[in-house]
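Contents: one structure, followed by commentary.
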Amino acid sequence: MSTGEREREVVKRVATAEQWWERFFRYGPYGLLLLATAISAVSSSLIMSRADVYAAAVLVPVALVLQLWWGRVASGPGSRAAQFYFVARTLLAFGLTWCNPFFSIFTTLGYFDAGRLLPRRAMRAGLLATAVIMAGSQSGSGMPPASPMNWIAFVILFALHGTLTMIFAQIGDREAEQTRTQADTIAALESANARLERAMAENAGLHAQLLVQAREAGVADERSRMAAEIHDTIAQGLAGIIAQLQVVTSAAGTDPGPAGEHLVRALALARHSLGEARRSVHNLLPAALEHDDLPGALEKTVTTWSERTGVRAEFTVTGTAEPLHDEIGATLLRIAEEALANAGRHAAASRAGVTLSYMGDEITLDVRDDGRGFDPHALPPYRGAGGFGLGGMRARAERIAGTVEVETGHGLGTAVCARVPLVRND
């Protein structure tokens, strides 16, 4: 059963109990007075004198009028009207029970509503008065007791009823406490429900706002990713083609042999760039990872870069190679391509080295060169568009909870270290 269903069940039970008691206090006195009058009438010839009959004939209508009056002006517990009603009814019950002990049936009402009609300090007095009437009606001779044995019976019965009075008082106190607790619980539940409704309304608004922000962030991230893909593949390929064609242009008149070789390289780069463009549009893996794992793709990338730039390069794998998640492999391959491209364009290096290290739960990629180096603090901040150098590499690594660190200085070469979680391809 859910919390809401339990709350509704508690409220329903409380409402049902209150309705039952309300009906009893409204109609119960009429029923008990009618029952007591009927039994007394049947037994009047046995235990009532003529004076008792006349007195009962007067007191019964007075009790009925009192009950009708209370039904019209019933007020809150402890009010003056409630106290007057209880005292008057108790006196009438005493007089009727004096006339006929069977009228004690009507007197029992005092046990039920002393706690609801009288102030707390007067409740026990009302219960004891009811106990006196009940003990006198059951002593054997009516009221007052006619013999010592009747008095003994009266004392014993009064002690019994006095004990019952204390029990009723405790029950009344407990019911009053339960009523207060239930009222507090209902109030607290209503307040909690109101707060919950407000919170749900606020959450609905926040959810809608977050959806809009997530959509906008997704669009921006996809634009950044596509820009980086184009820069890392198509732009670098076009730069390589331009470099090869420049060599062809400068060497065409003097040495046709190397010019043809450079044309072949330019054509290969153009085809490779076209394939990368198509794959970037369809958001597929880099072409190098379609048929090779990451070590194989990196080895081919290093070899191709070395042949194109004329820089001696070596590739090394340490640790036990494992199948990687596609995004991990693609990110490391793009970082290696960008680092090598930067080394080829800016470093004027004679040697370069690429190391891929499998280290348990982590995988690192190190790209080193012996070029001129640079001042990393002099670089402009990465703004997510244009110039996908070190900033672009860091953004790629951070997208998969990785990091990129650079060690360099003027004349000291450059070392780029990418460190990312080793997420296996299951």
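Worth pointing out:
- Stretching the chain fully between ASP292 and ALA57 yields a gain of 73.3 nm (0.36 nm per residue, less the alpha carbon separation).
- Other residues within the sphere of radius under 9 Å centred on the Cβ of LEU324, judged by their own Cβ, net out at -3 (K and R +1, D and E -1).
- Highest to lowest packing among 64-74, 194-204, 326-336, 406-416, scored as the average C-beta count within 10 Å: 326-336, 406-416, 64-74, 194-204
- Here the simple spin-label model places points 7 Å from the Cα toward Cβ, and for SER191 and THR320 these points are separated by 6.2 nm.
- Here the Karplus curve 6.51 cos²θ - 1.76 cosθ + 1.60, taken at θ = phi - 60°, turns the phi angles of region 108-117 into couplings of 4, 4, x, 5, 8, 10, 4, x, 8, 9 Hz, with x standing for Gly and Pro.
- Taking a ≥ b ≥ c as the square roots of the eigenvalues of the alpha carbon gyration tensor, region 292-421 is oblate, as a/c is not under 1.5 and a/b does not beat b/c.
- Accessible surface, per residue, of region 292-421 when the full set of protein chains is kept, probe 1.4 Å, Å²: 48 Å²
- Here TRP151 sits with roughly 120 square angstrom of accessible surface, probe radius 1.4 Å.
- Between HIS346 and MET200, the contour length at 0.36 nm per residue exceeds the alpha carbon distance by 46.9 nm.
- Förster radius 30 Å - calculated FRET efficiency between SER79 and GLN19, Cβ distance, rounded to 0.05: 0.85
- Extension gain (nm, one decimal) between ILE152 and THR303, 0.36 nm per residue minus Cα-Cα: 42.3 nm
- Approximate spin-label separation ALA183-ALA125, in nm, with each point projected 7 Å along Cα-to-Cβ: 2.4 nm
- Charge dipole (debye, nearest 20) of region 292-421; +1 at Cβ of Lys and Arg, -1 at Cβ of Asp and Glu: 560 debye
- Site pair ILE47 and TYR30 shows an inter-label distance of 2.7 nm when each label is modelled 7 Å from Cα along Cα→Cβ.
The values are calculated or read from the model by the stated rules, or taken from the named source; none is laboratory data. All figures in this text were calculated on a predicted structure; none of them were measured in a lab. Note that each Cβ is placed from the backbone with ideal geometry, even for glycine, and that neighbours are counted across all protein chains shown. Protein only, heavy atoms only, side chains kept; ligands, DNA and RNA dropped before computing areas. Shrake-Rupley method; radii C 1.70, N 1.55, O 1.52, S 1.80 Å.
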